[in-house]
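So the structure is just underneath, and the comments pick up after that.
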Amino acid sequence: MIRTTHVVIAACCAMLAPLLAPRATAQTYPTKPIRIIVPYAPGGATDVVFRILAPRMSEFLGQQIVIDNRPGAASTIGLELVAKSPPDGYTVGANNIAYGANPAIYRKMPFDSEKDLLPVTLVCIVTLVATVHPSIPARSVKELIALARSQPGTLTYGSAGNGSANHLATERFAHMAGIKLVHIPYKGGGPAVISIVQGETSLLLATIPSAIQHFKTGKLIPLAVSSAKRNSALPNLPTIAEAGVPGYEAIEWQGIMVPAGTPQNVIQTLYQVTAKAAQSPEVREKAAALGADFVNSPPAEFEKFLKNELAVWSRVVKEVGIKID
């Protein structure tokens, strides 16, 4: 009888184990290194922001955080990897403005943006800055527009790839300014910055973190920022709206997503640790110097933000006629 009871108990435990696993994961999380998939090449804003945050997050979690760059297809390659990873909190994805535009740009997505990924937190907002190579004879937005109109279809602009912040923001700028520019996509913000520094492209709506050092050395010329208000990292630069394109605004942002099915306690842990890391004086100082403003909204607020991004960029993509090159 006792032996039979043991067999029954063992069988029940085996049946309950899968149901208890998520809860156990949430209670003990984390017990091993965490991988943050950055869906862009090293050197771009998304990469820079998470490399600033990672050491402090690692310290608070007591586990190593590894940044894994998986560039390509406007972040969809990296985020597909996240979406199809085990929902245990050990593979986390960084997402940005491309998340909102990709469903409108791509005819077929490799994952469902709203069903296969869960929001953790909107980490920060990063301003873009209209930037030209010193060889381009334009030192203001109005001069750039005049130059583009005098040479239609000859000025080139780089981007971190199709559907990236640079691509979307520049196409919107060109549309509102009534000019035609030639798009040259690269495999990340870092390569796009290198290309304009080397004079391979004429214009780049660069994220401040990826280009600010080149402004200081004179290798690149900043003209105006893309936000509705001036940025504290470049306080003397006007906004693009002030400088000649009324009503223009485009911002880059970075957030954290996890695979659908990830336990809520794990999501809360990631959110709280990210917010705590962002409050560290050294992290805030580095971020402010690069033009990144931490937001760290909770999951529910980030979810609302993402729904709005999907709606806004669906409209903009159709209005502007943004296409994959």
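Can you name the residue in the range 37-54 that is among the small types (Gly, Ala, Ser) and buried (at least 24 other Cβ atoms within 10 Å of the Cβ) and, of all such residues, is farthest from the chain's Cα centre (by Cα)?
GLY44
Among the candidates LYS219, LYS229, single out the residue that is among the basic types (Lys, Arg), free of Cβ contacts under 8 Å to residues at least 12 places away in the same chain and surrounded by fewer than 24 Cβ atoms within 10 Å (Cβ to Cβ).
On the way: LYS219 fails: free of Cβ contacts under 8 Å to residues at least 12 places away in the same chain.
Every option except LYS229 fails the conditions.
Within the range 55-82, take every residue that is under 15 Å from the mean Cα position of the chain (by Cα), aliphatic (A, V, I, L, M) and surrounded by fewer than 19 Cβ atoms within 10 Å (Cβ to Cβ) and give me the one that is modelled with the highest pLDDT.
ILE67
Across the range 88-98, what is the number of residues that are outside any strand (DSSP E or B) and modelled with pLDDT under 95?
Going through the range 88-98 one residue at a time, the tally reaches 2.
Any residue at all in the range 152-162 that's assigned by TED's automatic domain parsing to the domain that holds MET57, assigned to a loop (DSSP other than H, G, I, E, B) and more than 25 Å from ALA243 (Cα to Cα)?
Scanning the range 152-162 turns up no residue that is assigned by TED's automatic domain parsing to the domain that holds MET57, assigned to a loop (DSSP other than H, G, I, E, B) and more than 25 Å from ALA243 (Cα to Cα).
With a cut-off of at least 2 residues that are within 18 Å of THR154 (Cα to Cα) and aliphatic (A, V, I, L, M), name the strands (runs of 3 or more DSSP E) lying wholly within the range 180-245.
The strands (runs of 3 or more DSSP E) meeting that bar are 182-185, 203-207.
Based on what the data block shows, is PRO281 more than 21 Å from the chain's Cα centre (by Cα), surrounded by fewer than 19 Cβ atoms within 10 Å (Cβ to Cβ) and either modelled with pLDDT under 95 or among the hydrophobic types (A, V, I, L, M, F, W, C) (or both)?
Yes: the conditions hold for PRO281.
Go through the range 246-262 and give me each residue that's over 18 Å from PHE294 (Cβ atoms) and either assigned to a strand (DSSP E or B) or acidic (Asp, Glu) (or both).
As a first pass, look at the range 246-262 and keep what is over 18 Å from PHE294 (Cβ atoms): 246-250, 258-262.
Those that are over 18 Å from PHE294 (Cβ atoms) and either assigned to a strand (DSSP E or B) or acidic (Asp, Glu) (or both): GLU249, VAL258, PRO259.
If you go through the range 2-14 one residue at a time, do you hit one that is at pLDDT 90 or above and surrounded by 10 or more Cβ atoms within 10 Å (Cβ to Cβ)? First the steps, then the outcome.
As a first pass, look at the range 2-14 and keep what is at pLDDT 90 or above: none.
Checked the range 2-14: no residue is at pLDDT 90 or above and surrounded by 10 or more Cβ atoms within 10 Å (Cβ to Cβ).
Which residues, taken from the range 310-322, are surrounded by fewer than 19 Cβ atoms within 10 Å (Cβ to Cβ) and under 17 Å from the mean Cα position of the chain (by Cα)?
LEU310, VAL312
Within the range 95-121, can you find the residues that are among the aliphatic types (A, V, I, L, M) and surrounded by fewer than 24 Cβ atoms within 10 Å (Cβ to Cβ)?
Passing the criteria: ALA104, ILE105, MET109, LEU117, LEU118.
The values are calculated or read from the model by the stated rules, or taken from the named source; none is laboratory data. Here the structure is a predicted model, which is why all the values come from computation and not from measurement. All Cβ positions, glycine included, derive from the backbone under ideal geometry; neighbour counts span all protein chains shown.
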